[in-house]
Every structure is written in C-alpha cells, then in structure tokens.
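This report concerns only the one structure given below.
The values are calculated or read from the model by the stated rules, or taken from the named source; none is laboratory data. Being a predicted model, the structure only gives us computed values, none of them experimental. All Cβ positions, glycine included, derive from the backbone under ideal geometry; neighbour counts span all protein chains shown. To get the accessible areas, we keep the full protein, side chains included, count just its heavy atoms, and leave off ligands, DNA and RNA. Shrake-Rupley method; radii C 1.70, N 1.55, O 1.52, S 1.80 Å.
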Amino acid sequence: MNDAIKPGPETPSQAGLPELSVVVPTFNERDNVTVLYRRLEATLSGISWEVVFVDDNSPDGTWEVVRGLARKDSRVRCIRRIGRRGLSGACIEGILASSGPYAAVIDADLQHDETQLPKMVALLRSGEAELVVGSRYVEGGSADSFNKQRAGASQLATEVARRALKVEVADPMSGFFMIRRDRFEQLAPQLSTQGFKILLDIIATAQGKLRAVEIPYTFGSRQHGESKLDSMVALDFLGLVLAKLTHDVVSLRFLLFAMVGGTGLVVHLATLFIALEIFKEPFAEAQAAGALVAMTSNFILNNFLTYRDQRLKGFAILRGLLLFYLVCGVGLLANVGVAFAVFDQEPIWWLAGLAGALMGVVWNYAMSGLFVWRRR
C-alpha cells in the first residue's frame, strides 16, 4: 500500500524544479548580493536554477536585501540563521535545503568566477564527475590576488591537507565547487558544521569514493563586505585535520576544546610563576590565581573559537563565565578522583595523571555543551 502511493524521484522538468541550486553563505555582504544575483542571471540563462543565500544574521542587513530580491524573483531564497555562525554550517544547511540535483557553493564576495558554473553543470550532467572543484592551483588557474602572507598560508594548508589526509585534489581549500546533491546527502551526517573548509571536509569524508574533476579559474579581489576568516582559522583548520585523521572518532569541537585546554595549561603555569616569583604569594594563593586565570582564558578562547556558532554576547557572557567556573571546578574534582583511583590500582604517576586529565577534559566538554553553550 505504502509503495503504491510513494512518489517517484523528481526530475528538474517536474514541478518547475531547478537543475542547479547555487548556495551562497553571507555575512555583511549587502553590497554584493544584488551584483552576484545579476551575474548568475546572465551566466545561467540556459539552465534552470535557484540561488539560496544563507545569511548569519548580518548586522548590515544582508538578509533584507536578499528578501527584496526574493519578492521579485522566486528563484531567490533566503535562510536567515540566528544564534549560529560558520561557513561550513551555512553551506551544509543551504545544500540540504536546496531543490536541484546539483548544488554549487560560491562566495558572495565576487572573488569566484561564476562563468564556470555551466561547465561544472555539464561535467556533473555527463556523469564524468560527482564533484567539480574550481581550482586555483591547476594549469590555467590563478590566485594572484592573494597577498604573500595569505598565499603562503593557503599553500601550506593545502600541502598539509594533501599529505596528512591523502587528498589528491590540487586545491582542497577552494571555496568554489559543485556537487551532486544525492552524494552530498550521503556524506552530510559526517561533516562538521564548524569551520570554513567545507570542501576539504567533504573530500576527506568521502575517502576517495567521490569522482572529482578540477577546472581552473582565476581568484579575484574582494569588492565589498568582510572576510569570513578570522585570526583563529589556523587552529580551526588544524582541528579539522586531526578530526579526520582519527576518522571522526572524536569531533572537531572536542579537539578544539582540548587544544584550548592545552593553552590553558600554559597560562596556568605562567600565572603560577609570576605569582610565586614576582609577587611572592604563598603557593596555595598562587595556585588558585593560576587556576582562575587559566579558566578565564579557556572560556574566552572557547567562546570565540570552539563555540563560535553559539557565541555568547552581552550579559550572557558573565552568566556563561560563572557557569564555566562551576563546571571546571567539578571537573577538577573528577580529575583528581580518577587520578587517585588509577594510582591506587597501578602506581604509575604519569598514567594516573593522564587518566585524570582525560576525565577532566571530557567532563568539562560535556557539561559546557549542556550548560554554558547550550543551544536555545
């Protein structure tokens, strides 16, 4: 009975469905979205298409401009995200909300070459590829608009990704690509919603089972708006690489949380040294000061990096900090308790210390997600 009424797979010719869905993550891009829309309209004149702008509640009202375009053209859609940020998460939500069998990701900053989209569609349509990457690093491609610092960082990250994750694509850091939506949906549950390198995540998660073709394009200069990258992107990238090396046994967010905890250890020891050697404080007071400063620095870094998509603002920062102190205080007790229990069974100091530290970071991570940075 159910089989008889189950609808068959839709094709682009049915119900006016688009063949191509262009997903555009945006943040403070109000000056660019109309220009990009006009360019897509000119470039895709022979293809049935839609464009899905995924806006992270831009303060400049980018989403209002997109809504204005949507009222005039039903091919334009807007997803306004409130309370979460991040390019990867925006791309995942946009592709999963799209209608076409092919989904492209392109930035709103006008640095990608939208004229390559018809060629990408043709490669997917023919079955030659399941993923088409706009590449700056194959013959005919260019990233001359990069300054020396960004060019060096991009090439280093590319080399790390290719060697560590055995990625064969020349430009796995590209933000310009097109993929069959059915293949993306198979991979989506394993992708991280954090960070900025969604293509690298897709390729690494597919583990060589995704037919990829690269086509060259020239990376342009930013026209308006602001870069979606920030000063923490290098740590974010490293976390993604480590998560994929462990085959996602541990999440990117947990790795970032643990890495921030490592910086907290350095802060703790530095504060302890200053309190003991410069201010001549007793050890107990110096240790307490070190713990308090370390917890505060961990909270700040986690708020701006690990939980950037759920970043606390305003009064919520103070409330979150107090809860973080409480969570870490209990975590310290768990750390010591496990360490003593292990040491009683096997008196090896480093093993006991490692077990206690692991228990502490797992507790702090779990409870922070539940109480400090919980989704509302």
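Annotations
- In the chain, taking the dipole from charged Cβ atoms about the Cα centre, the farthest positive-side position among 258, 321, 196 is held by 321.
- Taking Cα centre as origin and charging only the Cβ of basic (Lys, Arg, +1) and acidic (Asp, Glu, -1) residues, the dipole magnitude of region 88-139 rounds to 140 debye.
- Protein heavy-atom accessible surface, 1.4 Å probe, per residue over region 79-141: 33 Å².
- For the chain: lysine pairs under 30 Å (alpha-carbon distance), excluding those fewer than 8 apart on one chain: 23
- Cα centre as origin, Lys/Arg/Asp/Glu Cβ charges: region 106-202 dipole, Debye: 240
- Assuming charge only on the beta carbon of Lys and Arg (+1) and of Asp and Glu (-1), the dipole of the chain about its Cα centre is about 600 debye to the nearest 20.
- Summarising the amide proton neighbourhood of residue 81: residues at separation of 5 or more, or on other chains, whose placed amide H is nearer than 5 Å comprise 55, 56, 57.
- Kyte-Doolittle mean at least -0.5, axial Cα span of 30 Å or more - DSSP H helices of the chain: 252-277, 315-345
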